[in-house]
Amino acid sequence: MNHIEEIFDKDKIARSTNIYGNLDYMKLYDSLDSTDRATFERMYERFNQNREKYLETISVNYEETLPTKEFKNPVHKAKSSELVWKWRFVSEEYFTELLQKTNRQKKLSGLEDTLTKYKSVFQKIKPKALAKILSQEMFYFVLKMHNKIDDHSYYVSQLSLRLGQKVEEAFSQVIMTEYYRSTKDWQNTRKLTLTNRYRSKYWLHSSEPKWSAFDIATVGSSLLAVALKLFTVPTPNRFKPGFEPKPAFWHSMKLEKTRNIGIIRVSEALLKIISREGVAEALKDTGVNQSFPLLVKPRPWTAYNEGGYLYSSNTLLTSESMANEQTAYVKEAIAKGKMDKFLDSLDDVSSCAWGINQKMLQVIDEIWSTGKMFLDIPAQPEEMESVPDVSGKLTYEQKQKLIQQRVRLSNKRAERNNLGNALETAKLFAKRGDRFYYTYQVDFRGRVYPVSSSMFVHLGQDSIRSLLQFWYSKPLGKEGLRWLKIHLANMYGVDKLSNQDREDFVNTHMEDVIDSAERPLTGNRWWTQGENPFQALATCMEINEAIKSGNPELFLSRIAVNQDGSCNGLQHYAALGGDVGGAVQVNMIANATKPGDVYSEVAKIVSAKIEQEAVESKPVAEELKGKISRKLVKQPVMTSVYGVTKYGMVRQLDERFKDMGVDAIRRSRYSPYVAQLILEAIGELFSGANKIKEWLSECTQRISESVRADVYRRDIVSDKEFMTKHVTAMIWTTPLGLPVVQPYRQTQQMVVRSTQLQSMNLYNPFALSFVDKSRQRQGIAPNYIHSLDSTHMLMTVRECVKKGLSFAAVHDSFWTHAASVPSMNAILREQFVALHQHDLIEHLRNEFMARYSGYMQLVHVPISYKSYKEIQKLRGTNKEITSLRHELNLELKRFKGDKSIISPSTILENNGELRNYTRVGGQAGAFALDNTSTSKKTSLRVFVPLQIPHVPSQGDYDVAQVRQNEYFFS
């Protein structure tokens, strides 16, 4: 910042130098009084606004000037950045020459002829921008392939679509820029960000129609063909000394199951260049777009695609696993103000100011530079074990083992690259103690995720989390040091004791704490034995500094102290079902003296059942007696909340038994047996939760097979598919107003022929797809719980920010300053009570009844009913009823108000026989009145109004008890 030395005290500036020898903004801010802090904030904000604009716009400015200087390095030592710039030069020349050819009406090749069809688009974008898009996207593709051990390939269809979408985005940017200039709205910099809201309507201001999927695929595949033709990499000459240019990419086919799939492969020579430099170094000076944290607070969310980054665009919902119709629901809810609380809370999450823990960065960078594996830091590729060869004569078991080893090595390589990129990002912010913010998106359930192209986020691994701290410091006060010690115990893995015992544990190991802080890599390295060692080390350093300060209460602390929910999904289930026994195990009972442990309790119940069956001489029980541990049951119990099936549980247990050295034959007997006992144990502890799961599953079964004539038309569902395919998805609204749509559908494909490389089968996002009823049913319980835990977090952050607390979260792990932990603990408990003080399940049922009003269910009416013959007679005499589809249309007319219509359901209603229906024998789609037969000889299929079952009864647990349990979150 200019003139900063002239404004603030020189002694303070001198004392604010960091370990890199630079003025540290974080330290300087701490040294200033309130008046000077206000001045600093104004200067720093203006400074960061300018830097943020540069960082965001450089990646979307498609008309930036290419460098004119010659590259100094000889071609055989080409760096990645130089290679990308050369690709840009050759492709710009190609596109320039192509446009000149078309103007002179010269004879064109097939590729040129295809590109010429989009001449008006390319003329608007200009060759320079096209070249930038193509070179950067192809290099981005190379970086993705670099993480793989072998098979450095990518699908042609996906790569073509990405390229085509980038071209359309660039074209829309040009069109909308011209539009704003023509309307004299050029001064409005927010509109110049050209977010998706404006880009999506570019065709309204252009003679070019909106691009179809065919256009995007055609342009994308044509650009891909240009890259295959022009982009080269220096490769050692096999016949004489030196290097020669060879293609960087080539087109090939790969057999997947029974189909040949088009792929693009990457040159090994190009991958070696990336390996030599490292991904972080390779990204420098290439202009490849990266989603960095922001230097200023993100824009508040005001619309579906208005929020987050200031000068570049992103959407509220993540694109992965999102139902297309959810976008429409969310846009409508925002427009009507029904999501104001949700958006305000999301803005509050983004308001957290972060800084870099420079001491931890030094330690991790020193470890990184050795290239050796250390805790969660992978070794560099040269230090990793050799890649196993899976060719040759191998048994099936040997081959599978080697394939798993290759996958593990591939993952390690990816982790190394991602961590390297994250460290480079951290260094940028650490250099001068810069402040930064994350912008967030939500998935379809409302769970919150930071936006970042690297792993440099607080959702990352232990080493990366240890680098992050709050930028604004806060004195520890009377309770802060105690909470730092409890936090250290938690990070070390001593989190099953009482809080007092955790504090005592750290006090007992204070010499180890100090040694770890002052000699992290040369001392006894006590910290490395912890469960989250790097975060434990960061806390050791903070405790040591606080004690050395002489007055810990005044020590300015930045460490983020976290409080985690006790198996948070089960906590929500216990509150929903009123389960007293379950509430005890997940720390929801008042005045508990020590934390409960649901995993240990389940292990105890399972062990007791095994001992009982061993007494009865059951062989498998006799073999397993004394072998059931908390570690064995933990994963199955934890994932049971989120919809794991019994088969999934068996696979999890099989892996655990395998780790214990149990052979395959015994594992095949042990795993199903223990899985069943775990399910029984969970059922005993959380009986109310099981009832709720079953109720949600039954509601989903009915709703996903229900129909309404106006959304089940013949043009959507053919007569052949009538009542065998369905379109109704599960939809509900969270307490903060987010519409949730389960995205599980059978995807519809469209064929795009005559592209430059091959025909493509593409997912058609505009086709109404049939629901995947099985996945809808399996997903409803975990997704509903996820939507509640997200709601609880957002309610908590809203209240914390109102009361001036710094707050961050990783789903059900809430973070704040050490001094603020008691306040945050009180708030999160109050918000949990506020969330569950209403009957959420009854409210959900009422929403289902309103949302699916008018929907019909096909059920079987038994021959014993009086209505049976009357319905037969109606169908024989009413000429409007020639099929079930016609009956469905009649039911819709009646629902819309024509009560004069006589339909089969009115006959049942008039005779008092329209009773509750059930699934017969648990069969999918086999609903019948009075649980009777579904045989065609003894029943008729009739449409009746959809019935939502009544909610199950609840237990006696009072959720207000969480206020008096200190281990509810701990």
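The values are calculated or read from the model by the stated rules, or taken from the named source; none is laboratory data. Values in this document were obtained by computation on a predicted structure and should not be read as measured data. Glycine gets a Cβ as well: all are built from the backbone with ideal geometry, and neighbour counts include every protein chain shown. Ligands, DNA and RNA are stripped out before the accessible areas are found, and what is left, the full protein with its side chains, is counted by its heavy atoms. Shrake-Rupley method; radii C 1.70, N 1.55, O 1.52, S 1.80 Å.
Give region 10-40 a look and list any residue that's in a helix (DSSP H, G or I), over 21 Å from Leu554 (Cβ atoms) and either more than 37 Å from the chain's Cα centre (by Cα) or among the basic types (Lys, Arg) (or both), or say none.
Lys10, Ile13, Ala14, Ala38, Thr39
What pairs come out if I take residues in region 245-268 that are within 17 Å of Ser222 (Cα to Cα) and touching a residue at least 12 places away in the same chain (Cβ under 8 Å) and pair them with residues that are aromatic (Phe, Trp, Tyr) and surrounded by 17 or more Cβ atoms within 10 Å (Cβ to Cβ) whose C-beta lies under 6 Å away, six or more apart or interchain?
Listed by first residue and then by second, the contacts come to Ala248/Phe231; Ile264/Tyr154; Ile264/Phe249.
Please specify each residue of region 822-857 satisfying the condition of being in contact (Cβ under 8 Å) with a residue 60 or more places away in the chain and closer than 28 Å to Val451 by Cβ.
Met824, Leu828, Phe832, Leu835
Conditions (1) open to solvent by 60 Å² or more (accessible area, probe 1.4 Å); (2) more than 30 Å from Leu888 (Cβ to Cβ); (3) assigned to a loop (DSSP other than H, G, I, E, B), marked per residue:
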| position | (1), (2), (3) |
| --- | --- |
| Phe657 | no, yes, no |
| Ile665 | yes, yes, no |
| Arg669 | yes, yes, no |
| Lys691 | yes, yes, no |
| Trp695 | no, no, no |
| Ile716 | no, no, yes |
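Out of region 507-541, which residues are acidic (Asp, Glu) and more than 12 Å from Met491 (Cβ to Cβ)? Working first, answer last.
Within region 507-541, the first condition is being acidic (Asp, Glu), and the residues that meet it are 511-512, 515, 518, 531.
Answer for region 507-541, where residues must be acidic (Asp, Glu) and more than 12 Å from Met491 (Cβ to Cβ): Glu511, Asp512, Asp515, Glu518.
Quick one: would you say Leu32 is open to solvent by less than 80 Å² (accessible area, probe 1.4 Å) and modelled with pLDDT under 85? I'd like the intermediate steps shown before the answer.
Values: open to solvent by less than 80 Å² (accessible area, probe 1.4 Å): yes; modelled with pLDDT under 85: no.
For Leu32, the condition - open to solvent by less than 80 Å² (accessible area, probe 1.4 Å) and modelled with pLDDT under 85 - is not met.
Quick one: in region 842-891, which of the residues that are among the aliphatic types (A, V, I, L, M) and over 30 Å from Trp732 (Cβ atoms) is surrounded by the most Cβ atoms within 10 Å (Cβ to Cβ)? First the steps, then the outcome.
Let us first name the residues in region 842-891 that are among the aliphatic types (A, V, I, L, M), namely 844, 849-850, 856, 858-859, 861, 863, 871, 874, 881, 884, 888, 890.
In the following step, the residues that additionally are over 30 Å from Trp732 (Cβ atoms) were identified as 861, 863, 871, 874, 881.
Working: Val861: 26, Ile863: 15, Ile871: 22, Leu874: 17, Ile881: 19.
Checking each candidate, the answer is Val861.
Return yes or no: is Gly565 surrounded by 23 or more Cβ atoms within 10 Å (Cβ to Cβ), in contact with a strand residue (DSSP E or B) (Cβ under 9 Å, 6 or more places away or on another chain) and not charged (D, E, K, R)? Before the answer, list the steps.
Numbers: surrounded by 23 or more Cβ atoms within 10 Å (Cβ to Cβ): yes; in contact with a strand residue (DSSP E or B) (Cβ under 9 Å, 6 or more places away or on another chain): yes; not charged (D, E, K, R): yes.
Spelling it out, Gly565 is indeed surrounded by 23 or more Cβ atoms within 10 Å (Cβ to Cβ), in contact with a strand residue (DSSP E or B) (Cβ under 9 Å, 6 or more places away or on another chain) and not charged (D, E, K, R).
For region 101-137, enumerate the residues that are hydroxyl-bearing (Ser, Thr, Tyr), part of a helix (DSSP H, G or I), surrounded by 15 or more Cβ atoms within 10 Å (Cβ to Cβ) and modelled with pLDDT of 80 or more.
Within region 101-137, Ser135 is the sole residue that qualifies.
Only residues that are within 21 Å of Lys478 (Cβ to Cβ), open to solvent by 30 Å² or more (accessible area, probe 1.4 Å) and free of Cβ contacts under 8 Å to residues at least 24 places away in the same chain: list them for region 801-820, please.
Within region 801-820, Gly804 is the sole residue that qualifies.
Check region 733-742 and report whether any residue there is outside any helix (DSSP H, G or I), at pLDDT 85 or above and out of contact with any helix residue (DSSP H, G or I) (no Cβ under 7 Å at 6 or more places or on another chain).
Restricting attention to region 733-742, the residues satisfying the condition of being outside any helix (DSSP H, G or I) are 733-742.
From the residues that got through so far, the ones that are at pLDDT 85 or above too are 733-742.
So of that shortlist, the ones also out of contact with any helix residue (DSSP H, G or I) (no Cβ under 7 Å at 6 or more places or on another chain) come out as none.
There is no residue in region 733-742 that is outside any helix (DSSP H, G or I), at pLDDT 85 or above and out of contact with any helix residue (DSSP H, G or I) (no Cβ under 7 Å at 6 or more places or on another chain).
Exactly one of (1) in contact with a Ser or Thr (Cβ under 9 Å, 6 or more places away or on another chain); (2) modelled with pLDDT under 85 is unmet by Glu721. Its number?
It is condition (1) that Glu721 fails.
For region 622-637, enumerate the residues that are assigned to a helix (DSSP H, G or I), surrounded by 14 or more Cβ atoms within 10 Å (Cβ to Cβ) and without any contact (Cβ under 8 Å) to a residue 40 or more places away in the chain.
Taking region 622-637 first, the residues assigned to a helix (DSSP H, G or I) are 622-624, 630-637.
Still in the list and also surrounded by 14 or more Cβ atoms within 10 Å (Cβ to Cβ): 622-624, 630, 632-637.
Within region 622-637, Glu622, Arg630, Lys634, Gln635 meet the criteria.
Return yes or no: is Glu553 over 27 Å from the mean Cα position of the chain (by Cα) and within 22 Å of Phe807 (Cα to Cα)? If you could, list the steps in order and put the result at the bottom.
On the way: over 27 Å from the mean Cα position of the chain (by Cα): yes; within 22 Å of Phe807 (Cα to Cα): yes.
When the stated conditions are applied, Glu553 passes them.
Which of the numbered conditions does Asn22 fail, given that it passes all the others? Conditions: (1) touching a residue at least 12 places away in the same chain (Cβ under 8 Å); (2) surrounded by fewer than 18 Cβ atoms within 10 Å (Cβ to Cβ); (3) over 19 Å from Trp354 (Cβ atoms).
The failed condition is (3).
Specify which of the listed residues (Ser790, Ser769, Ser759, Ser823) is open to solvent by 10 Å² or more (accessible area, probe 1.4 Å), in contact with a strand residue (DSSP E or B) (Cβ under 7 Å, 6 or more places away or on another chain) and either at pLDDT below 90 or within 30 Å of Tyr438 (Cα to Cα) (or both). Full working, then the answer.
Numbers: Ser790 fails: open to solvent by 10 Å² or more (accessible area, probe 1.4 Å); Ser769 fails: open to solvent by 10 Å² or more (accessible area, probe 1.4 Å); Ser823 fails: in contact with a strand residue (DSSP E or B) (Cβ under 7 Å, 6 or more places away or on another chain).
After applying the criteria, what remains is Ser759.
Matching residues to (1) open to solvent by 20 Å² or more (accessible area, probe 1.4 Å); (2) not charged (D, E, K, R):
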position: Phe555; (1), (2): yes, yes
position: Ile559; (1), (2): no, yes
position: His572; (1), (2): no, yes
position: Gly596; (1), (2): yes, yes
position: Glu601; (1), (2): yes, no
position: Lys604; (1), (2): yes, no
position: Lys609; (1), (2): yes, no
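Under 22 Å from Thr816 (Cβ atoms), buried (at least 19 other Cβ atoms within 10 Å of the Cβ) and among the aromatic types (Phe, Trp, Tyr): does that describe Trp483? Talk me through it step by step, then tell me what you get.
On the way: under 22 Å from Thr816 (Cβ atoms): yes; buried (at least 19 other Cβ atoms within 10 Å of the Cβ): yes; among the aromatic types (Phe, Trp, Tyr): yes.
Judged against the criteria, Trp483 is a match.
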